[in-house]
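Report on the structure given below.
The values are calculated or read from the model by the stated rules, or taken from the named source; none is laboratory data. The structure displayed is predicted, hence computed values, not measured ones. Neighbour counts are summed over all protein chains in view; Cβ atoms, including those assigned to glycine, are modelled from backbone coordinates with ideal geometry. Only protein heavy atoms, including side chains, enter the accessible area calculation; ligands, DNA and RNA are left aside. Shrake-Rupley method; radii C 1.70, N 1.55, O 1.52, S 1.80 Å.
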Number of protein chains: 2
Amino acid sequence: METVDTTERLRQLRGLMKQQKVDIYIVPSEDAHSSEYIAPTDARRAFISGFTGSAGTAVITQEKAALATDGRYFNQASKQLDGNWELLKQGLQDVPTWQEWTVDQAAPGDDTPGSTVGVDPTTITAPEGRKLSEKIKKKGGKELVAVSDNMVDWVWGKQKPARPNEPAKVLGLEYAGKKYQDKIEELRKELDKKKAAGFVVSMLDEIAWLFNLRGSDIPYNPVFFSYAVVTPTTVTLYIDESKLKEEAKAHLEGVTIRPYHEIFSDIASLAKEQPASNGTKDGASKPKRKYLIATKASWALSQALGGEENVDEVRSLIGDAKAVKNSTELEGMRQCHIRDGAALIEYFAWLEDKLITQKATLDEVKGADKLESIRSKHDHFVGLSFDTISSTGANAAVIHYSPERGNCSTIDPKQIYLCDSGAQYLDGTTDTTRTLHFGEPTEMERESYTLVLKGHIALDLAVFPKGTSGFALDTLARQHLWAHGLEYRHGTGHGVGSYLNVHEGPIGIGTRIQYSEVPLSVGNVISNEPGYYEDGKFGIRIENIVMVKEVETKYKFGEKPYLGFEHVTMVPMCRKLIDVGMLTAVEREWLNAYHKEVLEKTRRFFEEDERSRKWVERECAAY
Amino acid sequence: METVDTTERLRQLRGLMKQQKVDIYIVPSEDAHSSEYIAPTDARRAFISGFTGSAGTAVITQEKAALATDGRYFNQASKQLDGNWELLKQGLQDVPTWQEWTVDQAAPGDDTPGSTVGVDPTTITAPEGRKLSEKIKKKGGKELVAVSDNMVDWVWGKQKPARPNEPAKVLGLEYAGKKYQDKIEELRKELDKKKAAGFVVSMLDEIAWLFNLRGSDIPYNPVFFSYAVVTPTTVTLYIDESKLKEEAKAHLEGVTIRPYHEIFSDIASLAKEQPASNGTKDGASKPKRKYLIATKASWALSQALGGEENVDEVRSLIGDAKAVKNSTELEGMRQCHIRDGAALIEYFAWLEDKLITQKATLDEVKGADKLESIRSKHDHFVGLSFDTISSTGANAAVIHYSPERGNCSTIDPKQIYLCDSGAQYLDGTTDTTRTLHFGEPTEMERESYTLVLKGHIALDLAVFPKGTSGFALDTLARQHLWAHGLEYRHGTGHGVGSYLNVHEGPIGIGTRIQYSEVPLSVGNVISNEPGYYEDGKFGIRIENIVMVKEVETKYKFGEKPYLGFEHVTMVPMCRKLIDVGMLTAVEREWLNAYHKEVLEKTRRFFEEDERSRKWVERECAAY
């Protein structure tokens, strides 16, 4: 982790700020699509501050520069920031949020006149922009202005990496399961129900899903830079045409293709013409039809559409539709998880052999590399779905740990090893965590592993009426840890895309209040990943991917469907870490049935691989 | 259930509406304090419509009259409403809410001018008034006006019952546990933290709690009509002075007493004078201190204070403080529940004897009367805390059933009997539900009783970190029913007052999103009452009152306290209805320990009552 001297960068930026009459400039870490992962060209906050963590916001005045980030990154930020920067540790008491800090700078009080705050409106969401703007004015600042030309890009100049221009390729119907034309028709029905003029699609995974296209502009996420606008009569895809080869162009017949950056001027014109109201006599007096954008769409999009008067911000209609997988996608999820499970089994068997039999020295990245090479041999493999967490001992307690090549720990066979990894396959996206021990775990390690496992099983076995959200189920996964005074500080489950982003909304299992607003539905794919972490000692997480299905129940109160989960991840739990005496009869039954299923579904991969076969047979033996 | 001819009442009301230039008049069922139960003098909606259910809103135009109520009351309302009324079944698809109906009447569209809607602003909360007002204007209606003189009262005239004028009596420190002066000091500290000018207290139970006074103006709720205003330097109680006898006056030394109705003019003046800001130099430029009112305070209070500019609507500070019982209150809860448990045991033993041994014929109200007479012999008894639900067979499936004197069912010893009842004692409020069977229950009855019991036990045994809400715990009580495709359509728990209202906020266990905003805290008192109801057949509910306490856990992750429950209700579960084979070892242990505790704590009451002793010993025998 190196420190960059940001003095010259800041000097240039401040010069530009003066020219643009902006007193305070905000540099968020988001790209124009609220992507979780970003392309190097969008890493503006990292460039200007030197801090490379995934979350954080930089705010620059003529005298000061502040970088706000959360607890995961306090250490990294203090190491990476040079003397020009002040670190705002978000979440600590008495530390202002970056918004508060900005407002304080903009409105110093007394008789000092308020300042103008600038931000690139593509890098902040519409609700965020509005809220900040109100606060600045309320406290006596001047205003928040949208500065369309990103000033960091000017400073970055020729050093700035180019926007990726990888092709967007057609995903066959054998993987997508539904024609994109049908998806658009269904979207139009929703637009009609909501009496909306159209939907401006801004999230990259939603566009990829909608058009059955996949790209590779962003690491781990098979998406491509684009926008889309769907109205009752038109479909327009905003994408650099060079990204579309012949096959994709043929596939998109009937879709209007426009250059990526033209979205803003196009929707500005769209918003000015109002669609004729369909056939009512007194059409003129009817309320205007508004355009829908997602709550995570950028302030720039909202502004281009003419602001609140013309725009309704909603939970994305496409996000909701995408979260309900069709039967082809569900079957793809089953199949890719069997192959992925076989890869993990082969890796763990290899790792045990290396560490224990061969007494080899291996570091965490070497392990991850081996796992990737095993995965890549499997059918339909495209790439990893996120940076592999390969962590030994105390590193496993760092929830977002990522081993650094050449600077990571040697895997200690006497410590817990936690591996959280996944891949993109043409037929689905995987994400699995297993925690292993190759030697003799401590009592506390076995006890806490077993408590995590009990929570994992409770959630896997949950049955709940249609309408229940992941918020309501979260406690099931935590109850056994709680009873022992233990807890984990992360959610229990996230939605997973189909050969798309490994994290996707709107569903989730956890205490975020948004999760309470979205009931789980048949066809949802979500992770089940409770854990336990002891700082400086060890970490435990057990993660399967599960799919929501309708289940048979003895009774059926209220004639409504009862739902449950089908697990698709096929990797054994760690025998050495299970204290079977802590399991109830029901839990033991679950474990035996799960291991039987793992063995049956993965065995065929090990016909000529004795090491893996022996390993999986041993781990899956019935209790 | 009789039907009242409302023709003449409506004719008079419409005449008044013309005089007052009000086109549409709304009559909510609330009193001026958002009380759950109301005094007969406030039953205006029942008077004007003839419908006597506890929930509903009447809306009257010159041509039409509509009564909106929810699913509990569809039957009753259709029977009670005469031909003048249209019933709006709230919650059914395509049925407008009463607000939508009102707006439709107020803004008929085309070129018809919009109408003026009137409401007594004491009978609607400030947020409700504001929202409705906005909707009316937005859709083309004229406006919502606050009509201070209630027009139904004019029509009601001399027939209207007088406002109760029962004395407000001092609750001794041996029951209240904290001097009211200390409560006021603590409230002032909160006001100071929130930089508020004062708190206008509108909920009757909050005033009773704050001043350590109890009254009897409203059935079942030991409260008295009043308002209060607490500022950093003043305390004013608005109450008709005749309600205060010598003792109460002496107790309230230092509190300014003002007539009940003067609250409105007083706070209007208060809001005009701004308290001097304390000692800061540039005080003039500091933001104005606002008055706080609860979100359930009336629109009239908000308006008297000058509206949003002067008022912040908050979750009541007193409601929050009141929900955390002090050690005297907690001990009172334990003690009154032991006496109350003894009363229920005596009643159930008597009932079994009557029905089975003596083969007597008994109706539901006779049972309830006997129970009340047994309770009333016990120390510190004041009255019931709500109308006893004494229900046989299919009646038990009606969640809010209340047997009607002279018109109720005979208790069938071959059917389930559900009894939900409670009392007010000087040292606490009780609320207990037990479901019994005196003959041979069906398989399904035993199965569902046992599933409800398993949920009840799961919640009772729950351990959770500080910060967890009742929303997050709700699933624990439902999980076993869900696994069998069963469900209940009510919350799992409500807060309980200390010799105060049997239902109190802000805590609760259930799926209402508000519950997610309030973590459970040490000292909270709450019910644990899962159930199962089969329409037309039977109903099951098991309700204990539990108190939140800190619990010892093996570990203590994050150094934060872990909480759990202490049950205070002391009545056995029904042996005939338990299928012990469905219980886990842990559940059986819980049941045996609970029964042992019940026996130990109640035995002394039965030294000379062999029937009760034998009954409780039989029911509490270990499994």
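Taking the conditions exactly as written (farther than 19 Å from A:Phe464 by Cβ, in a strand (DSSP E or B) and open to solvent by less than 20 Å² (accessible area, probe 1.4 Å)), does B:Ile540 satisfy them or not? Walk me through it before giving the result.
On the way: farther than 19 Å from A:Phe464 by Cβ: yes; in a strand (DSSP E or B): yes; open to solvent by less than 20 Å² (accessible area, probe 1.4 Å): yes.
In short, yes.
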I need the full set of residues from the range A:488-512 which are within 14 Å of chain B (Cβ to nearest Cβ), surrounded by fewer than 24 Cβ atoms within 10 Å (Cβ to Cβ) and touching a helix residue (DSSP H, G or I) at 6+ places or on another chain (Cβ under 9 Å), in order please.
A:Tyr488, A:Arg489, A:Gly491, A:Gly510, A:Thr511, A:Arg512
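What tally of residues in the range B:25-49 results from selecting those that are part of a strand (DSSP E or B) and open to solvent by 30 Å² or more (accessible area, probe 1.4 Å)?
So the count comes out to 0.
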Check B:Arg188, B:Arg258, B:Arg214 and return the single one that is crowded, with 24+ Cβ neighbours inside 10 Å and basic (Lys, Arg).
B:Arg214
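Residues that are open to solvent by 30 Å² or more (accessible area, probe 1.4 Å) and hydrophobic (A, V, I, L, M, F, W, C): list the helices (runs of 4 or more DSSP H) wholly contained in the range B:50-147 that include at least 1 such residues. So that I can check it myself, show each step before the final result.
On the way: elements: B:74-80, B:98-106, B:126-138.
Hits in the range B:50-147: B:74-80, B:98-106.
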Search the range A:585-602 for residues that are over 24 Å from B:Ala585 (Cα atoms) and pair each with any residue that is open to solvent by 50 Å² or more (accessible area, probe 1.4 Å) when their beta-carbon atoms are under 8 Å apart and the residues are at least 6 apart or on different chains.
A:His595/A:Ala622; A:Lys596/A:Ala622; A:Leu599/A:Glu617
Tell me, please, whether a residue that is in a helix (DSSP H, G or I) and modelled with pLDDT under 95 can be found in the range B:288-307.
yes
Go through the range B:465-488 and report how many residues are farther than 21 Å from A:Phe557 by Cβ and over 26 Å from the mean Cα position of the chain (by Cα).
1
Name the single residue, out of those in the range A:543-586 being β-branched (Val, Ile, Thr) and assigned to a helix (DSSP H, G or I), that is nearest to A:Glu443 (Cα to Cα).
A:Val580
Which members of the range B:565-589 meet the condition of being open to solvent by less than 10 Å² (accessible area, probe 1.4 Å) and facing another protein chain (nearest Cβ under 9 Å)?
none
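Among the residues of the range B:493-514, count how many are modelled with pLDDT of 95 or more and outside any strand (DSSP E or B).
Counting residues in the range B:493-514 that are modelled with pLDDT of 95 or more and outside any strand (DSSP E or B) gives 9.
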Picking from A:Tyr515, A:Tyr555, which residue would you name as being hydroxyl-bearing (Ser, Thr, Tyr), open to solvent by 10 Å² or more (accessible area, probe 1.4 Å) and more than 28 Å from A:Ser316 (Cβ to Cβ)?
A:Tyr555
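Check whether at least one residue in the range A:341-356 is without any contact (Cβ under 8 Å) to a residue 12 or more places away in the chain and surrounded by 19 or more Cβ atoms within 10 Å (Cβ to Cβ), and report yes or no.
First pass over the range A:341-356, keeping only residues without any contact (Cβ under 8 Å) to a residue 12 or more places away in the chain: A:354.
Then keep just the ones that are surrounded by 19 or more Cβ atoms within 10 Å (Cβ to Cβ); that gives A:354.
Yes, there is a match, as at least one residue in the range A:341-356 is without any contact (Cβ under 8 Å) to a residue 12 or more places away in the chain and surrounded by 19 or more Cβ atoms within 10 Å (Cβ to Cβ).
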Name the pairs whose Cβ atoms lie under 6 Å apart, with the first residue in the range A:403-418 and closer than 14 Å to A:Thr388 by Cα, the second part of a strand (DSSP E or B), and 6 or more positions between them or separate chains?
A:Pro403/A:Ser390; A:Cys408/A:Asp363; A:Tyr417/A:Thr392; A:Tyr417/A:Leu436; A:Leu418/A:Ser391; A:Leu418/A:Thr435; A:Leu418/A:Gly539
Of the residues B:Gly109, B:Gly114, B:Gly118, B:Gly91, only one is within 30 Å of B:Gly306 (Cβ to Cβ) and modelled with pLDDT under 95; which?
B:Gly114
Would you mind telling me which numbered condition in (1) outside any loop (DSSP other than H, G, I, E, B); (2) closer than 26 Å to A:Thr6 by Cβ; (3) touching a Gly at 6+ places or on another chain (Cβ under 8 Å) A:Trp209 fails?
(2)
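For every residue, the table says whether it meets (1) in contact (Cβ under 8 Å) with a residue 40 or more places away in the chain; (2) closer than 23 Å to B:Val145 by Cα.
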{"site": "B:Thr3", "(1), (2)": "yes, no"}
{"site": "B:Arg11", "(1), (2)": "no, yes"}
{"site": "B:Val27", "(1), (2)": "yes, yes"}
{"site": "B:Tyr37", "(1), (2)": "yes, no"}
{"site": "B:Asp70", "(1), (2)": "no, no"}
Tell me which of these B:Glu329 doesn't satisfy, since it passes every other one: (1) part of a helix (DSSP H, G or I); (2) open to solvent by 30 Å² or more (accessible area, probe 1.4 Å); (3) of a type outside the set (Phe, Trp, Tyr).
(2)
Selected residue (criterion: farthest from the other protein chains (Cβ to nearest Cβ)) from residues of the range B:539-559 that are in contact with a Gly (Cβ under 6 Å, 6 or more places away or on another chain) and under 16 Å from B:His490 (Cβ atoms):
B:Arg541
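Given the condition assigned to a strand (DSSP E or B) and out of contact with any Leu (no Cβ under 6 Å at 6 or more places or on another chain), answer yes or no: does some residue in the range A:363-370 qualify?
In the first step, residues of the range A:363-370 are kept if they are assigned to a strand (DSSP E or B); the result is A:363.
Right, trim to out of contact with any Leu (no Cβ under 6 Å at 6 or more places or on another chain) and you get A:363.
The answer is yes; a qualifying residue exists.
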